[in-house]
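Report on one structure; see the data block that follows.
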Amino acid sequence: GATTLLRITPSELKLHNTREDAWSAFGGKVYNITPYLPYHPGGEKELMRVAGRDGTKLFALTHSWVNLDYMLDGCMVGFLVPE
């Protein structure tokens, strides 16, 4: 999480695509998913598919019943904005 929420462009989001620094956007909100990687039930590799990019569509296909806001609220770092 963050004390101040950021405005994050797609090019900035793209920089956060490693196991040590993984961010992803879901529904216009950007989350630091790094601390969640070891706990993802589908495995770290699956979650890394959305690291550094917008994972909204993939999340909807595989987790439509999950309340993302509740689960990742503490990991939110900002909002995805246009370049």
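The values are calculated or read from the model by the stated rules, or taken from the named source; none is laboratory data. All values reported here derive from a predicted model rather than from experimental measurement. Glycine gets a Cβ as well: all are built from the backbone with ideal geometry, and neighbour counts include every protein chain shown. Surface areas here come from the heavy atoms of the whole protein model, side chains and all, with no ligands, DNA or RNA. Shrake-Rupley method; radii C 1.70, N 1.55, O 1.52, S 1.80 Å.
Scanning the range 1-26 for residues that are under 20 Å from M71 (Cβ atoms), of a type outside the set (A, V, I, L, M) and either loosely packed, with under 12 Cβ neighbours inside 10 Å or within 10 Å of the chain's Cα centre (by Cα) (or both) yields H16, W23, S24, F26. Whether a residue is within 10 Å of the chain's Cα centre (by Cα) and either in contact (Cβ under 8 Å) with a residue 40 or more places away in the chain or open to solvent by 50 Å² or more (accessible area, probe 1.4 Å) (or both) was assessed, and L72 passes this test. When the range 30-69 is filtered for residues that are in contact with a strand residue (DSSP E or B) (Cβ under 6 Å, 6 or more places away or on another chain) and modelled with pLDDT of 85 or more, the ones remaining, listed by number, are V30, Y31, N32, I33, T34, V50, A51, G52, D54, G55, T56.
Looking across the range 1-23, just one residue is free of Cβ contacts under 8 Å to residues at least 40 places away in the same chain and in contact with a strand residue (DSSP E or B) (Cβ under 6 Å, 6 or more places away or on another chain), and that is H16.
Here is a yes/no grid of residues against (1) out of contact with any Asp or Glu (no Cβ under 6 Å at 6 or more places or on another chain); (2) open to solvent by less than 80 Å² (accessible area, probe 1.4 Å); (3) touching a residue at least 12 places away in the same chain (Cβ under 8 Å):
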{"position": "L37", "(1), (2), (3)": "no, yes, yes"}
{"position": "H40", "(1), (2), (3)": "yes, yes, no"}
{"position": "G52", "(1), (2), (3)": "yes, yes, yes"}
{"position": "A60", "(1), (2), (3)": "yes, yes, no"}
